[in-house]
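Below is one structure, written out as structure tokens; comments come after it.
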Amino acid sequence: MRTSNPALSDSTFAELRVGASQPAMTLQGTVNKTALFMVLVFTSACYTYKLGMANPSAAMPWMIGGAIAGLVLCLITVFKKEWAAFTGSLYAVAEGLFVGALSAMYAAQFQGIVLQAVLLTLGVLFALLAAYSLRLIKATENFKLGIFAATGGIALVYVITMVLGFFGIEIPYIHGSGLVGIGFSVFVVVIAALNLVLDFDFIEQGVEHGAPKYMEWYAAFGLLVTLIWLYVEILRLLAKLASRKD
């Protein structure tokens, strides 16, 4: 796989064929569509963030609904790439509702944490984009395999945590604010950040392959998936660090 992001992988291009008269995917087009998705996330996030700050209980259904809708829309988009303009937009709105309410929960406990998380996420994005553009970081096959394995391991831990949570069982240490918990969060943030490198590589390969125009929407969607994951993990890490100071 070219990337551990399930939305962006080498096999994505396997069945794509572009006729000579058909418009092809471009880098600028992908950037524009990513920006549009980010605007949708920000707009819906502002709604649930304000709602959550005023009335946390009222924002909770939006957060849960946004998370569930986001998961469903993510799966649909992966299997129906040509729908990405529509399903990706809905995904951006749904995840915005989730992220906004979640951010309000953390903001109520730790002042300034949301702004810090946003700035750090954007900082990581642009820093890695610059490093990738200058070829300071290369998405070699071993690099891809390592990130894929690490991402799969993290996903497995989260699935096990969720299942055990239904029975009132918690995995000790990793979700706490102790050194082990902080170390785990740092590891997850690093892996999420490195997924951006693989996403950049996927987009570059799509442009080089002359993928269909709708793949701009799909690539933008895949990049958004990673960015939201990175933001949430940075938010959790900052919360753990802040709780140790209190």
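One table, with the values for the structure above:
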quantity	calculated
Amide H partners (placed H, <5 Å) of Ile137, local residues excluded	Tyr132
Too-long pairs where the Cα-Cα distance tops 29 Å, listed order kept, from Lys50/Lys240; Lys80/Lys144; Lys80/Lys240; Lys33/Lys80; Lys81/Lys138	Lys80/Lys240
Angle in degrees between helix 84-109 and the longest Cα principal axis of the chain, rounded to the nearest 10	20
Debye, to nearest 20: dipole size of the chain, +1 on Lys, Arg Cβ, -1 on Asp, Glu Cβ	260
Relative contact order, percent, the range 102-206 [alpha-carbon distance under 8 Å, six or more residues apart]	33
Choice from Val186, Val78, Val157 showing the highest fluctuation, given a GNM over the chain with Cα pairs closer than 10 Å	Val157
Karplus-derived HN-Hα couplings along the range 178-192 (A = 6.51, B = -1.76, C = 1.60, θ = phi - 60°), whole Hz, x at Gly and Pro	x, 4, 5, x, 5, x, 5, 5, 4, 4, 5, 4, 4, 5, 4
Estimated [θ] at 222 nm from DSSP helical runs (n ≥ 4, -39500 (n - 2.57)) normalised by residues in the chain, nearest 500	-27000 deg cm²/dmol
Amide H contacts under 5 Å for Gly176, placed H, 5+ residues apart	Gly181
Tilt relative to the chain, helix 141-165 - C-alpha long axis, 0 to 90 degrees, to 10	40
Calculated diffusion of the range 66-106, Stokes-Einstein form, Kirkwood radius summed over Cα pairs, 4 °C and 1.567 mPa s, µm²/s	127
Over the chain - Rg/Rh using Cα atoms and the Kirkwood inverse-distance radius	0.97
Simple label model, 7 Å out from Cα along Cβ direction - Ile64 to Ala108, nm	1.5
Convex hull projection area averaged over all views, the range 144-188, Cα basis, nm²	3.2
Whole-number accessible area per residue in Å² for the chain, which is evaluated in the context of all protein chains at 1.4 Å	51
For the chain, built as a Gaussian network whose Cα springs stay under 10 Å, the top-fluctuating residue of Ser89, Ser133, Ser44	Ser133
Angle in degrees between helix 215-245 and the longest Cα principal axis of the chain, rounded to the nearest 10	20
Trypsin sites (Lys or Arg not before Pro) lying in DSSP loop within the range 122-194, provided at most 13 other Cβ fall within 10 Å	Arg135, Lys138
Per-residue ³J(HN,Hα) for the range 58-73, Karplus 6.51 cos²θ - 1.76 cosθ + 1.60, θ = phi - 60°, Hz, x for Gly and Pro	6, 7, 4, x, 5, 5, 5, x, x, 5, 5, 4, x, 5, 4, 5
Under the Karplus curve 6.51 cos²θ - 1.76 cosθ + 1.60, θ = phi - 60°, whole-Hz ³J(HN,Hα) for the range 29-35, x wherever Gly or Pro sits	x, 5, 4, 4, 6, 5, 4
Burial order of peptide ranges 191-203, 98-110, 214-226 (average beta-carbon count within 10 Å, highest first)	214-226, 191-203, 98-110
Contact order normalised by residue count of the chain, Cα under 8 Å, 6+ apart, percent	36
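The values are calculated or read from the model by the stated rules, or taken from the named source; none is laboratory data. Owing to the predicted nature of the structure, the values given are computational and were not obtained by experimental measurement. Don't worry about glycine lacking a Cβ; one is built from the backbone with ideal geometry, like all the others, and counts go over all protein chains shown. Heavy atoms of the whole protein, side chains included, go into the accessibility calculation; ligands, DNA and RNA do not. Shrake-Rupley method; radii C 1.70, N 1.55, O 1.52, S 1.80 Å.
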